[in-house]
Amino acid sequence: MQSDYAIIGGGVVGLSVAWGLLKRGFTVTVIDGDDGSFRASRGNFGLVWVQSKGMNQPRYASWSQQSAEAWRGFSDELTDNTGHDLGLEQKGGYDLHFSEETLEATVAKYEKLKIELGGDYPYEVLGHNALRKEEPEIGPKVVGAILHHQDGHANPLKLLKALADDVRRMGGTVLNGKHVKSVQRNGVFRIYCNDGTEIEAGKTVLSAGLGATKLGPSMGFKAPIRPQRGQVLITEKLPKILNRPSLIARQVDEGGIQIGATNEEVGLDDRVTTHGMAKLAAEAIAAFPVLEKVQLVRSWSALRILSPDGLPIYQESSEMLGAYLITCHSGITLAAAHAHLLPDWLEKTGQAPNLEVFSEDRF
Ligand SMILES: Cc1cc2nc3c(=O)[nH]c(=O)nc-3n(C[C@H](O)[C@H](O)[C@H](O)COP(=O)(O)OP(=O)(O)OC[C@H]3O[C@@H](n4cnc5c(N)ncnc54)[C@H](O)[C@@H]3O)c2cc1C
């Protein structure tokens with residue numbers, strides 16, 4: 001049977017796009033690899049985050065803002081449809097600073113971006129005492145924070161589960177444990193998997209995360225993406241001690257404090273290291289000394305999917321019209337935009353968002 005769309009890669013990016021397409025009435029088949037694949041969607045930090053995005057490209061900041069704004073409705077709809085509470089909180093988030101110099105330098109960059117965004121960049125600077133009122137556990141080494149009111153966080157695993165469930169509920173097909181080895185276009189797309197499965201589709205979205213480096217060039221994409229390792233820690237469940245998330249730590253909906261993440265250029269190595277964990281723990285304790293006495297229960301690492309400038313890539317193949325590459329560094333943040341707005345871009349409707357700056361031509 002032929003679907004309107006085949007989506008290669010069933011991480012948060014592929015499933016968000018699939019969900020949006022199904023809501024518009026298209027038929028969709030999602031083909032996803034196995035547990036041997038690198039899967040950023042299962043190992044990330046769960047921030048729905050605006051601040052610090054797009055310092056050199058305001059369109060990325062506004063795209064992140066559009067998604068953050070759409071997240072509440074997106075989350076509510078998924079919860080209504082599937083019963084999974086995604087744990088979304090959007091009451092702001094912090095960029096914590098240990099020196100006045102870095103705080104001032106960041107504020108200067110935010111002021112410039114705010115002007116470029118026509119003033120829509122709602123943040124405030126909290127000195128240590130003001131921050132302590134919001135976060136009583138903050139340590140003396142933290143000089144202050146930028147509180148950005150559009151920031152928040154969610155439970156990324158519940159997001160993934162809700163998307164997969166709802167895609168199936170709406171009639172989408174999700175094929176797990178299938179590795180796409182080649183894609184051909186001859187009128188329709190024919191997608192060939194390692195186990196002999198063949199899928200036909202009118203259009204194809206390549207959202208295979210790091211898997212796009214292999215498949216992308218054969219489909220006419222540059223796919224210039226690289227892995228970057230992020231190690232993450234999580235503590236035992238605790239009573240509520242952190243009011244808002246930060247780039248250093250957040251209290252997840254289930255009570256644990258998630259600490260992360262490292263940024264390491266180590267290729268496809270997704271192991272955790274003592275050095276990485278110690279660095280994360282030391283920074284988190286400097287920010288919130290109460291964590292010194294708390295038990296860690298788990299650590300893991302996952303590989304980010306980064307383009308050379310860190311911005312997303314939205315590209316139609318010029319060699320294989322109807323094939324699209326979609327990849328990004330912040331798939332949790334952008335999930336709502338991908339679900340609500342990318343179908344118009346894929347279908348080239350009058351409502352299509354302008355994503356020109358995210359084309360591969362920039363590389
Ligand atoms: C440590 C860390 C922290 C992060 N924190 C945040 C955060 O706080 N907020 C945020 O917004 N983002 C965050 N991210 C980024 C976010 O996790 C990613 O942007 C997102 O998960 C990317 O999703 P994806 O679907 O593109 O890729 P993936 O989740 O990697 O999924 C790709 C899928 O494609 C499949 N696949 C690959 N090759 C093939 C093939 N040939 N055939 C079939 N299937 C294939 C794989 O099996 C896999 O399931 C973080 C990432 C990391 C690593």
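Any read-out appearing in this document is the output of simple, stated calculations on the displayed coordinates, not a laboratory observation. Just so you know, these numbers come straight off a predicted model, no measurement behind them. Note: ideal-geometry Cβ built from the backbone for every residue, glycine included; neighbour counts use all protein chains shown.
Structure data summary
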| item | result |
| --- | --- |
| Those lysines that a straight Cα-Cα span of less than 20 Å connects to Lys348, excepting residues fewer than 8 apart in one chain | Lys23, Lys203 |
| Top of Lys222, Lys141, Lys161 by mean-square fluctuation, Gaussian network on the chain, Cα under 10 Å | Lys141 |
| Structure-based [θ]222 nm, the chain - -39500 (n - 2.57) summed over DSSP H runs of at least 4, per residue, nearest 500 | -9500 deg cm²/dmol |
| Quotient of C-alpha Rg and 2.2 N^0.38 Å, computed over segment 93-149 | 1.15 |
| Viscosity 0.692 mPa s, 37 °C: Kirkwood-radius Stokes-Einstein D of the chain over Cα pairs, µm²/s | 155 µm²/s |
| Rounded tilt (10° steps) of 12-23 against the dominant C-alpha axis of the chain | 60 degrees |
| Amide hydrogen neighbours beyond the local backbone of Ser3, cut-off 5 Å, H modeled | Glu200, Ala201, Gly202 |
| Relative packing of 305-317, 330-342, which averages over residues the other C-beta atoms within 10 Å, highest first | 330-342, 305-317 |
| Whole-Å distance, taken between Cα centres, linking segment 1-48 and segment 313-363 | 14 Å |
| Per-peptide average of other Cβ atoms within 10 Å, ordering 22-30, 59-67, 99-107 highest first | 59-67, 22-30, 99-107 |
| In sequence order, calculated HN-Hα J values of segment 114-120 (Karplus, 6.51, -1.76, 1.60; Hz; x Gly/Pro) | 4, 5, 4, 8, x, x, 7 |
| Potential lengthening between Met170 and Gln351 on full extension [0.36 nm per residue; Cα-Cα distance subtracted] | 62.8 nm |
| GNM flexibility winner over the chain from Val266, Val13, Val167 (Cα, springs under 10 Å) | Val266 |
| Inter-label distance for Thr274 and Met1, nm, one decimal - labels placed 7 Å from Cα along Cα-to-Cβ | 5.5 nm |
| Point-to-point label distance, Arg132-Asn194, nm (Cα→Cβ direction, 7 Å offset) | 5.6 nm |
| HN-Hα J in Hz across segment 239-255 - Karplus 6.51, -1.76, 1.60, θ = phi - 60°, x for Gly and Pro | x, 4, 10, 10, 6, 10, x, 9, 6, 9, 8, 8, 8, 7, 4, 8, x |
| DSSP beta bridge pairing in the chain, given as percent antiparallel to the nearest 5 | 70 percent |
| Helix 335-347 vs. the chain, principal-axis angle (Cα, 0 to 90°, nearest 10) | 30 degrees |
